[in-house]
Amino acid sequence: MSIRDVYIVDAVRTPIGKFGGALAPVRPDDLAGHVVRALVDRTPDLDPARVDDVYFGDANGAGEDNRDVARMAVLLAGLPVSVPGVTVNRLCGSGLEAVIQAARAIALGDASVVVAGGVESMSRAPWVLQKPERAFPAGHQQLHSTTLGWRMTNPRMPAEWTVPLGEGAELIADKHGITREQQDAFALASHRKAAEAWAKGRYDDEVVPYPGVELARDESIRDATSMEALARLKPSFRPDGGTVTAGNSSPLNDGAAALLLVDEEGLRATGREPLARIRTSAVTGIEPQLFGLGPVEAVRRALGKAGRSFADLSTFELNEAFAAQSLGCLAEWPELDPEIVNPRGGAVAIGHPLGASGARLAGSVAHQLAAAGSGTGLAALCIGVGQGLALVLER
């Protein structure tokens with residue numbers, strides 16, 4: 001069996017809304033349907049019935065994104081009912097996992113044209129109530145928020161594995177001696193790069209605002225923040241001596257992203273030049289409490305499979321779950337030029353709608369490679385409960 005080349009023809013995303021912000025009134029399945037429709041509309045030569053499948057990442061799935069949000073997106077986007085859809089969950093890596101699984105289906109000849117993406121509405125994530133162990137309990141019952149993090153944790157899990165995500169970032173700061181000042185400086189740079197990228201129109205080719213919502217730009221970017229403002233924020237997870245704050249962490253967000261993937265035959269059907277070609281991917285596991293360092297080995301494996309090194313990279317989108325986590329990864333890649341990492345800002349500024357982030361990163365790398373005309377790019381994320389995921393693209 002010959003392995004087919006897989007191309008990214010286009011990539012779109014919504015502006016990323018902040019928690020309780022402009023996109024909070026919009027259902028996640030509507031966000032997903034919007035980016036799918038926008039993506040298809042941007043390639044008018046492609047008959048939507050040619051789409052073989054739709055893969056969507058979704059980390060929550062407990063609310064309006066239940067019952068296979070990918071299939072709901074197909075129907076809400078007005079695609080033919082013959083187009084199927086599947087939802088995948090690798091927590092923070094779900095959107096990138098969707099891209100990888102879609103690419104694998106094309107490479108193996110199971111599909112020719114596939115839409116892949118991700119969605120999350122952290123604003124609309126519901127509370128859930130466990131069923132009682134016996135009927136008619138007399139006591140109070142607990143509601144669990146599904147917005148983020150551990151809940152209804154299995155008591156057999158070791159306590160050191162189930163610490164809050166922010167405490168995991170503190171552990172990485174301890175491990176690598178990362179100071180509060182370094183984290184705040186990293187966060188400030190993320191906001192400045194994101195604001196500059198928007199001001200220069202770097203996102204114009206990929207962002208598709210949601211109809212009827214007054215949000216043209218990522219909502220969490222703080223143009224006016226400063227080291228002084230960031231320094232005034234209190235530690236969020238260790239009141240005494242902590243370094244991780246709301247200012248040097250990614251916020252809670254809403255958004256969706258989608259990419260159009262094709263083989264050679266599908267490419268001809270689009271009548272377009274591809275943005276980039278998918279080369280390799282890799283996934284790895286790590287101790288759950290050190291989840292933030294998950295990308296370290298995944299990136300090395302993906303580059304090794306591609307026959308590439310850090311020196312070959314022209315751009316690298318690393319999801320900024322926390323400044324400490326990102327700085328910890330960079331510390332373990334001494335051969336990487338940090339100047340190529342997140343040149344248009346990262347998740348600390350742009351936001352991290354869990355299931356959508358990986359698709360946003362892949363799409364951003366593809367657009368950056370297309371703008372440059374050539375090069376090798378990489379997208380990578382850390383993943384809660386201890387995993388790392390990476391994808392290598394080329395043009």
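Before moving on, here are some points about what is shown:
- Among residues of the range 276-295 being among the aliphatic types (A, V, I, L, M) and open to solvent by less than 30 Å² (accessible area, probe 1.4 Å), the one that is nearest to P164 (Cα to Cα) is L293.
- Count - residues of the range 20-60 that are open to solvent by 10 Å² or more (accessible area, probe 1.4 Å), within 15 Å of G363 (Cα to Cα) and not in a helix (DSSP H, G or I): 2
- The range 1-19, subset of a type outside the set (A, V, I, L, M, F, W, C) and under 19 Å from S374 (Cβ atoms), residue least open to solvent (accessible area, probe 1.4 Å): D10
- Residue within the range 259-275 that is open to solvent by less than 30 Å² (accessible area, probe 1.4 Å) and either among the small types (G, A, S) or touching a Cys at 6+ places or on another chain (Cβ under 8 Å) (or both) present: yes
- Residues that are aromatic (F, W, Y) and within 26 Å of D58 (Cα to Cα) within the range 124-169 comprise W127, W150, W161, listed in sequence order.
- Candidates V86, V69 - the one that is among the β-branched types (V, I, T), touching a residue at least 24 places away in the same chain (Cβ under 8 Å) and open to solvent by 50 Å² or more (accessible area, probe 1.4 Å): V86
- Inter-residue pairs, beta-carbon under 8 Å, first under 16 Å from T315 (Cα atoms) and at pLDDT 95 or above and in the range 328-354, second hydrophobic (A, V, I, L, M, F, W, C) and open to solvent by 40 Å² or more (accessible area, probe 1.4 Å), 6+ apart: E335/A311
- On inspection, E170 does not qualify as closer than 30 Å to D45 by Cβ, at pLDDT 95 or above and among the charged types (D, E, K, R).
- Residue among S226, S250 that is of a type outside the set (A, V, I, L, M) and either open to solvent by 60 Å² or more (accessible area, probe 1.4 Å) or under 29 Å from A11 (Cβ atoms) (or both): S250
- Residues that are out of contact with any strand residue (DSSP E or B) (no Cβ under 7 Å at 6 or more places or on another chain), in contact (Cβ under 8 Å) with a residue 40 or more places away in the chain and either at positive phi or part of a loop (DSSP other than H, G, I, E, B) (or both) within the range 219-234 comprise I221, R222, listed in sequence order.
- Residues of the range 147-188 classified as part of a helix (DSSP H, G or I) and among the hydrophobic types (A, V, I, L, M, F, W, C), total: 11
- Scanning the range 251-307 for residues that are touching a helix residue (DSSP H, G or I) at 6+ places or on another chain (Cβ under 7 Å), of a type in the set (S, T, N, Q) and closer than 23 Å to R395 by Cα returns T280, S281.
- Matching residues in the range 106-146 - criterion: being over 30 Å from I8 (Cβ atoms), open to solvent by 20 Å² or more (accessible area, probe 1.4 Å), part of a loop (DSSP other than H, G, I, E, B) and touching a residue at least 24 places away in the same chain (Cβ under 8 Å): P126
- Lone qualifier among L327, L303 - being closer than 25 Å to L252 by Cα and hydrophobic (A, V, I, L, M, F, W, C): L327
- For the range 233-247, filtered to residues that are β-branched (V, I, T) and within 19 Å of G346 (Cα to Cα), the residue that is surrounded by the fewest Cβ atoms within 10 Å (Cβ to Cβ) is T245.
The values are calculated or read from the model by the stated rules, or taken from the named source; none is laboratory data. None of these values were measured; they are calculated from a predicted model. Because the Cβ atoms are built from the backbone with ideal geometry, glycine has one as well, and the counts that use them run over all protein chains shown. Side chains are part of the model used for accessible areas, which takes the heavy atoms of the whole protein and leaves out ligands, DNA and RNA. Shrake-Rupley method; radii C 1.70, N 1.55, O 1.52, S 1.80 Å.
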